[in-house]
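Okay, so here's the structure we're looking at.
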Amino acid sequence: MTPSAPRPDDPRPARPIRRRPGGRTARIRAQVLDAVLAELGEHGYDGLTMDAVAARADVHRATVYRRWGDVGGLLADVLDAASDDEWQPPDTASLEGDLAALNHEIQAALTAEPPIVAALIAASFRSEKADRAQRRLWEDRYARCEIIVTRAVRRGELPPHTDARRLLIAATAPLYHHLVLLRTPPDPHLPDDAARTAALAASAGAFTEFPPTTGT
């Protein structure tokens, strides 16, 4: 669930979130995190340095080192900032439509230029701090997307006790597999095809917590 490249200056949601300082501190943070995204998109993880971020953000390097410590700390804060947004999953009034719309958002984010989202995913394999922050972001996105399954159950499209996490993974995994692992060119039909397959499987009970038994 990575619908868009995280932006440190996104508006804050009404739900409770981690409180962030305001004023000059918030301005410096926004400048630095914007610089991290720009540097990561242009140079990748290996080219991301504290000094380059400080120069690009026009912030004294001592401030960057004191607040974020290292590149891992910068990446972790970028990812944590992505959870402080107002994004909500699509509501198209159908399970297949919701999953397809979600997949189209994911594909757009993974193929955007510069490749910020893909670079953040790659960086999480190189930095322990970024990895932990990435996991927190995934948990946040999965939690928000559970409403897709809840609505489908209420509409009668899915059996009760459908496991939302398993269904969401099945619907979105083909996007990450093709675009991140295989690095194949984006297929305009893949978001809809993956959503349709997952929705059909889910409606048949493939993701229920208590799979139906069949007679012998």
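Scanning region 142-169 for residues that are part of a helix (DSSP H, G or I) and buried (at least 19 other Cβ atoms within 10 Å of the Cβ), we see that the one that is farthest from the chain's Cα centre (by Cα) is Ala152.
Listed here are the residues, each with its yes/no results for (1) in the same structural domain as Ala152 (by TED's automatic domain parsing); (2) surrounded by 12 or more Cβ atoms within 10 Å (Cβ to Cβ); (3) aliphatic (A, V, I, L, M).
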residue	(1), (2), (3)
Pro174	yes, yes, no
Val180	yes, yes, yes
Pro186	yes, yes, no
His189	yes, no, no
Asp193	yes, yes, no
Arg196	yes, yes, no
Glu209	no, no, no
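In region 45-58, the qualifying residues are those that are touching a residue at least 24 places away in the same chain (Cβ under 8 Å) and either loosely packed, with under 14 Cβ neighbours inside 10 Å or not in a helix (DSSP H, G or I) (or both), and the one that is nearest to the chain's Cα centre (by Cα) is Leu48. Kindly indicate whether Ala119 is touching a residue at least 24 places away in the same chain (Cβ under 8 Å) and of a type in the set (A, V, I, L, M). Yes. All of Leu137, Leu75, Leu99, Leu120 fail the test of being in a helix (DSSP H, G or I), among the aliphatic types (A, V, I, L, M) and not assigned by TED's automatic domain parsing to the domain that holds Leu181, apart from Leu75. Please verify whether Glu105 is out of contact with any strand residue (DSSP E or B) (no Cβ under 6 Å at 6 or more places or on another chain) and at pLDDT 95 or above, treating the condition exactly as stated. Yes: the conditions hold for Glu105.
May I ask you to verify whether Glu113 is within 19 Å of Leu40 (Cβ to Cβ), in the same structural domain as Arg196 (by TED's automatic domain parsing) and among the charged types (D, E, K, R)? Yes: the conditions hold for Glu113. For region 59-85, residues that are aromatic (Phe, Trp, Tyr) and surrounded by 18 or more Cβ atoms within 10 Å (Cβ to Cβ) total 1.
The values are calculated or read from the model by the stated rules, or taken from the named source; none is laboratory data. Note that the structure is a prediction, hence the values are computed from the model and not measured. Don't worry about glycine lacking a Cβ; one is built from the backbone with ideal geometry, like all the others, and counts go over all protein chains shown.
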